[in-house]
Amino acid sequence: MSSAPSRPPSSPARRPEAPDPQTTDGSGQESGQGGPDGGPSRRPLNTALLALFAAGASMFMTSGPLWMTVAGLVAGVAGIFFAVVALVRLRVAERRAVIVFSALVAMAVAGFGLVTGGVRLAFWDTVSTYERCMTDSVTISGQAGCQQKMEDNLQGILLPGLE
C-alpha cells in the first residue's frame, strides 16, 4: 500500500454544446430577458416607447422658434418611423396589445405635430408677426388688433384677390 493520496478518476473532456436554434436569435445570443437590451422580445416595446417619446417631443417643439419648429418636424418623422418599426417587429413581442396601442398613439400625436408644425412653417411670417405683436401689446384691444391683423394677413395669403 502506498501512502499517496488517491485522486478521483478524471471525467472525459466535454465538448461544447451547439446552441439550440429555437432559443437563439441567429446571432448566438439567447433570446429572452438575459441580453444587454432585454432580448429581441423586448425590442419592439422599447421601440414603441421611443416612438412615444419622439412624438411627445414633436408636440412640444413645434410651438417654438423656427429652429425648434424644424426640430419638432424631424422628431415627428422619427416618431412615426419608430412606431412603424415597432409594429413590424410585433411578431416577436411579448406584450402585443401595449405595443400596438403605444405605436398608434405615437403615430397620432406625431402626425398632429407634423401638421401643426407644417402649417406653422407655411405661414411663418404671419405667425411670427402675430407673436411679436402680442408680446408688444399690453391691452385687450391691442391684442384684438393683433388677432385681426393676423386674420387679414392669412386671408390675403389663402384667398388672394378677395380684399
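A few points about this structure:
- Which of Ala103, Trp67, Val115, positive extreme of dipole for the range 39-122 (C-beta unit charges): Ala103
- Rg over Rh [alpha-carbon atoms, Kirkwood Rh] for the range 94-163: 1.26
- Per-peptide average of other Cβ atoms within 10 Å, ordering 149-158, 106-115 highest first: 106-115, 149-158
- Overall form of the range 70-124: prolate. Here a/c, set by the Cα gyration tensor axes a ≥ b ≥ c, is 1.5 or more, and a/b is the larger of a/b and b/c.
- Taking 0.36 nm per residue of separation and subtracting the current Cα-Cα distance, fully stretching the chain between Val115 and Gln143 would add 7.5 nm.
Bear in mind these aren't lab numbers, they're just calculated from the coordinates by the rules spelled out. Because the structure is a prediction, the values reported are computed rather than measured. Neighbour counts run over all protein chains shown; Cβ positions are idealised from the backbone, glycine included.
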